[in-house]
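Read-outs: derived from the displayed coordinates by stated rules, not from any lab. Just so you know, these numbers come straight off a predicted model, no measurement behind them. Backbone-built Cβ (ideal geometry, glycine too); neighbour counts: all protein chains shown.
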């Protein structure tokens with residue numbers, strides 16, 4: 001799974017990315033601070049299963065604190081997109097190509113309205129952030145449309161006499177978008193184009209399909225950023241009213257980054273996603289002022305900085321991923337003695353055989369059966385996995 005972080009310049013993308021991953025990137029209030037994509041690891045929270053077994057886990061990746069397991073997810077932050085990005089303006093095509101492997105997009109919007117459409121500073125509240133949502137939806141859709149158009153001669157002339165061959169032709173031609181055949185089929189059904197001969201498709205048909213394919217293959221979550229600026233709260237409400245079908249979450253990358261850095265320095269104790277923090281040592285006047293302001297303006301008003309909420313909504317609600325632990329009925333440790341060292345995020349409708357191949361090709365190819373470690377019941381390869389399952393794979397080596 002790869003999460004793409006997108007938006008116009010100076011909307012706070014790099015701050016959001018740094019707050020989510022603690023990767024140091026260039027942060028400045030002018031367009032194209034970011035040129036090359038930044039990659040980093042964020043974390044989503046789940047209730048760990050170690051307490052159910054009366055043990056303490058020892059994660060190989062991520063960490064566990066007070067029964068909460070922090071599971072790593074990969075993020076990529078690309079340079080800011082400007083109007084006309086799909087046509088190559090502002091190196092838009094290159095930036096969009098960086099997102100081709102992403103499974104979902106987090107669109108960081110400046111909810112304070114303090115940057116215009118080009119990412120230039122303006123008075124807070126003077127720019128309508130609703131424009132940014134419409135702009136990005138359009139640009140990403142046009143990017144897909146451009147790729148469909150470019151490959152249309154290849155798609156339309158492909159010899160096929162079945163739905164399977166039709167989907168295969170689309171999949172091969174659009175391989176650069178990393179789109180699954182199931183998503184292509186869904187987009188065709190949504191546009192009622194599945195039964196229409198390709199030679200009869202108009203340019204509008206191609207565009208309609210491209211936009212539908214973007215929606216099902218790279219859904220978008222709106223991170224309404226800069227909620228630490230007073231005018232942003234009303235704008236967030238306006239965004240939700242204007243785009244009721246969108247997933248919009250108020251957040252402050254500035255606040256989250258500040259809290260995490262203070263925690264890293266040992267000044268406070270803070271858990272990502274929390275509504276409060278605990279001071280661990282005496283703060284100087286400036287530190288106290290900043291942290292007290294974050295508590296009052298962001299945490300008390302919104303319940304958290306929103307960064308963790310954005311990540312978890314993206315992974316668990318939009319992508320509908322589940323977390324599955326490899327384990328043994330009689331042994332929860334790995335060869336090095338680590339207890340429940342791993343947990344894997346799996347796409348919806350994953351089966352026992354899918355999980356076996358996720359662990360190792362040899363386990364999938366030699367699959368005999370699986371065991372639900374919690375219930376100790378034997379299950380077959382088509383058994384659908386559930387969130388927080390613990391599964392043992394029995395295989396022939």
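Structural remarks
- As a length-normalised measure over Cα pairs under 8 Å and 6 or more apart, the relative contact order of region 167-232 settles at 30 percent.
- From most to least packed by mean Cβ count within 10 Å, the peptides 378-385, 5-12 give 5-12, 378-385.
- Rounded to 5, the percent of DSSP beta bridges in region 321-395 classed as antiparallel: 80 percent
- Estimated [θ] at 222 nm from DSSP helical runs (n ≥ 4, -39500 (n - 2.57)) normalised by residues in the chain, nearest 500: -10000 deg cm²/dmol
- Beta bridge orientation in the chain: antiparallel %, DSSP, nearest 5: 60 percent
- The order of the peptides 203-209, 255-261, 311-317 by mean Cβ neighbours within 10 Å, most packed first, is 255-261, 311-317, 203-209.
- Gyration tensor (alpha-carbon) shape descriptor, region 212-332, a/c threshold 1.5: oblate
- Listed peptides 345-351, 173-179, 388-394 by packing density, highest first (mean Cβ within 10 Å): 388-394, 173-179, 345-351
- Rounded, prolate or oblate (a/c below 1.5 giving rounded, otherwise prolate when a/b exceeds b/c) for region 108-172 by Cα gyration tensor: prolate
- Among 236, 231, the ranking by other beta carbons within 10 Å of each residue's beta carbon, starting with the fewest, stands as 231, 236.
- When only Cα pairs below 8 angstrom with a gap of at least 6 residues are kept, region 321-395 shows a relative contact order of 39 percent.
- Per-q log10 I(q)/I(0), region 321-395, q = 0.23, 0.25 Å⁻¹ (Debye; single scatterer per alpha-carbon; no solvent): -1.05, -1.24
- Label selected from (i) 161; (ii) 182; (iii) 150, the criterion being volume of the Cα convex hull per residue in Å³ as computed here: (i)
- When only Cα pairs below 8 angstrom with a gap of at least 6 residues are kept, the chain shows a relative contact order of 16 percent.
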